[in-house]
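First the structure, in the form of structure tokens, and then the observations on it.
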Amino acid sequence: MSSVVDRPVISGPGRGRPGTTLIQNLRLAPDTGGPVATALAAAVTPGHDRRMQPNPSEVPVHRRVIEFEAFERGDALVVTGRLRDERPWAGGGPGVEHVHDMRLEIALRKDDLTITDARAVMDRYPHAECPGITAAFEALVGLSVARGYTRAVQDRFGGALGCTHLEQLARTMGPVVVQAATSCRARARDWAHLDAAPTSRPTLFPRNTCHVWAEDGPAEQKLAIGWRPGVGGYPAPAVEELRGGVNQSSRRSSDL
């Protein structure tokens, strides 16, 4: 039975440095007997394939690890992404265990999230010709990580124009940058821009990127009520709960 699972893991600041880290582990063997394995086992409900249930003794056929770190440096953000592919079953044998290990680094202006520098590096790769494409990713410079960023990356580096793994890192950097910018504001408690009308706000929370951030959706309603990202913990209360709290506060004030 196969128990290899796809799961994302998000962690906080890396190694004590101010920043934000996002780790996306794909097709990982679950941890043996740990809380993640227990939670995953409990999550296999009737109607789901029982082969999805963790098997702690199983060795995965493939492991992909994608890790990002973002750092605030003056008026800039610096984001680094790393992708690794491994074949754990090949460890100690004649097969190739470590297939890919490559990095993509970008620097951006914080005010408009425009990329000002980019560098790609390959430390492990399957063909001698692979590193010949790294310089192409300097074409990220000038792109704004806002609406249209993903399409622009695909147009520049998709298919035979680039490296599929570096292109994936480049595409995934878009949401990481948005999260990093949000984290900067949360750390500084700088929400002044969010008090502007939705159409005047920066593209910190692009509209219609998900069902929560849909135009006039739950997130925008929460902002209008007074909620601010990162304040009060996650998950943020539902719109109805926030609205009820505001109404109760108003009633208490009127009774004074």
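In this structure, GLY158 does not qualify as on the phi > 0 side of the Ramachandran plot, surrounded by fewer than 23 Cβ atoms within 10 Å (Cβ to Cβ) and assigned by TED's automatic domain parsing to the domain that holds LEU108.
Of all residues in the range 173-185, none that is outside the structural domain of ASP117 (by TED's automatic domain parsing) has its Cβ atom under 7 Å from the Cβ atom of a residue that is surrounded by fewer than 19 Cβ atoms within 10 Å (Cβ to Cβ) and modelled with pLDDT under 90, 6 or more apart or on another chain. Cβ separations smaller than 8 Å between residues 6+ apart or across chains give no pair from the range 55-79 residues that are outside the structural domain of VAL177 (by TED's automatic domain parsing) to residues that are of a type in the set (A, V, I, L, M) and not in a strand (DSSP E or B).
The values are calculated or read from the model by the stated rules, or taken from the named source; none is laboratory data. None of the values given here were measured: they were computed from a predicted structure. Ideal geometry is used to build each Cβ from the backbone, glycine not excepted, and the neighbour counts take in all protein chains shown.
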